[in-house]
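Student: Have a look at this one.
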Amino acid sequence: MTKANIKFISHDGVETDIEVDAGGVTSLMQAAVNNGVPGIDAECGGALSCATCHVHFDREWYDRLPEPAAMEKDMLEFVIDQRDTSSLSCQIKVTEALDGMIVYTPESQY
Ligand code: FES
């Protein structure tokens, strides 16, 4: 199966590189949790009710993601350190298009 390489960078600059199945099934949150990436608690397990999977991106990568659904936008209102490139990682499915992506995890989740 095709893989995507994704780099997570913590608020204090610690980098974690992971390789994820890129079949469009695994969420970015699940991939992070499976690989022990710090800074993503995902307390609700992807049910879009906790926002502890909040991440943000550089503009270049954010613009390649699908438009967030209304419920995701509502949940993002509650996160600390919300940016205009914020997403909930449980709502992003990993595909080949995300190969090379850089994901930032916010300080509030440490
Ligand atoms: Fe809870 Fe994403 S894991 S909203």
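Quick note: the coordinates plus some simple rules give every number you see, no bench work behind them. Fair warning: this is a prediction, and the values are worked out from it, not measured in the lab. Using ideal geometry, Cβ is built from the backbone for each residue, glycine included, and neighbour counts are taken over all protein chains shown.
Student: In segment 31-91, what chymotrypsin sites (Phe, Trp or Tyr not before Pro) fall in a loop by DSSP, with at most 14 other Cβ atoms inside 10 Å?
Tutor: Phe78
Student: Let me know the longest stretch in the chain that avoids all GluC sites (Glu not before Pro) found in a DSSP loop with at most 16 other C-beta atoms within 10 Å.
Tutor: Answer from the scan: 1-42.
Student: Could you compute the net charge surrounding Gln109? Neighbours are other residues with a C-beta less than 10 Å from the C-beta of Gln109; K and R count +1, D and E count -1.
Tutor: Within the 10 Å Cβ shell, the charges total -3.
Student: Can I ask one more? Quick one: which residues, 5+ away or cross-chain, put their amide H under 5 Å from the amide H of Lys3? H built at 1.01 Å from N.
Tutor: For Lys3, whose amide H was placed from the backbone, the distant partners under 5 Å are Ala22.
Student: Could I ask something else about it? With springs only between Cα atoms under 10 Å, which of Gly13, Gly36, Gly100 fluctuates most in a Gaussian network model of the chain?
Tutor: Taking springs between Cα atoms under 10 Å, the residue moving most is Gly13.
Student: Here's another thing I want to ask about it. Would you kindly give the portion of the calculated P(r) for the chain that falls above 15 Å, as a percent of all Cα pairs?
Tutor: 59 percent
Student: In segment 7-95, which trypsin sites (Lys or Arg not before Pro) fall in coil by DSSP and have 13 or fewer other Cβ atoms within 10 Å?
Tutor: Counting only loop positions with at most 13 other Cβ atoms within 10 Å, the trypsin sites (Lys or Arg not before Pro) in segment 7-95 are Arg64.
Student: Now, a different point. Taking amide H positions as placed in the peptide plane 1.01 Å from N, state which residues far from Val103 in sequence (5 or more) or on other chains have amide H under 5 Å from it.
Tutor: The answer is Lys7, Phe8, Ile9.
Student: Quickly work out the Glu15-to-Ser108 label distance, labels modelled 7 Å from Cα along the C-beta direction, and quote it in nm with one decimal.
Tutor: About 2.7 nm, to one decimal.
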